[in-house]
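**Q** I'd like to ask you about the structure that follows.
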Amino acid sequence: MANRRRRAEVKRMVKTGELSLEELFELAAREECVAQMRAYDLISALPAIGEVKAERIMTAASIAKTRRIRGLGPKQRAQLFRALVR
């Protein structure tokens with residue numbers, strides 16, 4: 001239950017802009033419950049990105065909808081950063 005609350009808190013922080021994508025990846029390296037978040041949930045929680053845009057970004061970055069943050073490779077992370085900078 002605590003992990004679920006922590007993930008919800010992290011998603012809220014991402015949505016409000018309190019936590020950047022870089023900071024989130026650093027946090028995922030330290031906290032297992034954050035590393036277990038699905039990449040899709042993270043991307044769709046970003047400001048101004050809904051479900052459709054999140055799916056497009058993930059497809060462009062070759063990330064499966066079921067992939068977790070921990071499972072993202074360096075190339076996928078780089079593609080994700082590039083897609084979100086635009």
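**Q** Could you list which residues have their amide H under 5 Å from that of ARG68, counting only those 5 or more apart in sequence or on another chain, with H placed in the peptide plane?
**A** HN-HN under 5 Å from ARG68: ALA39.
**Q** Using DSSP to define loop residues, name the GluC sites (Glu not before Pro) in the chain whose beta-carbon has at most 12 other beta-carbon atoms within 10 Å. Walk me through the numbers before you get to the answer.
**A** On the way: sites: GLU9, GLU18, GLU22, GLU23, GLU26, GLU31, GLU32, GLU51, GLU55; in loops: GLU18, GLU31.
Answer in residue order: GLU18.
**Q** When each pair of different Cα atoms in the chain is counted once in the 1/r mean, what is the Kirkwood radius in angstroms, to one decimal? Working shown, then result.
**A** Details: mean 1/r = 0.0786 Å⁻¹.
One over the average 1/r among Cα pairs gives 12.7 Å for the chain.
**Q** Still on this structure: In whole percent, what relative contact order does the chain give with Cα contacts below 8 Å and a gap of six or more residues?
**A** Numbers: 83 pairs, mean separation 23.8, N = 86.
Here the relative contact order equals 28 percent.
**Q** Amide H neighbours of ALA61 under 5 Å, at least 5 residues apart or on other chains, H built in the peptide plane: list them.
**A** none
**Q** Follow-up. So which residue, out of ALA60, ALA28, ALA48, gets the largest mean-square fluctuation from a GNM of the chain using Cα contacts under 10 Å as springs?
**A** Comparing ALA60, ALA28, ALA48 in a Gaussian network model of the chain, the most mobile one is ALA48.
None of the figures in this text is laboratory data; all of them are computed from the coordinates on show. Note that this is a predicted model, so its numbers are computed, not measured. Virtual Cβ from ideal backbone geometry, glycine too; neighbours counted across all protein chains shown.
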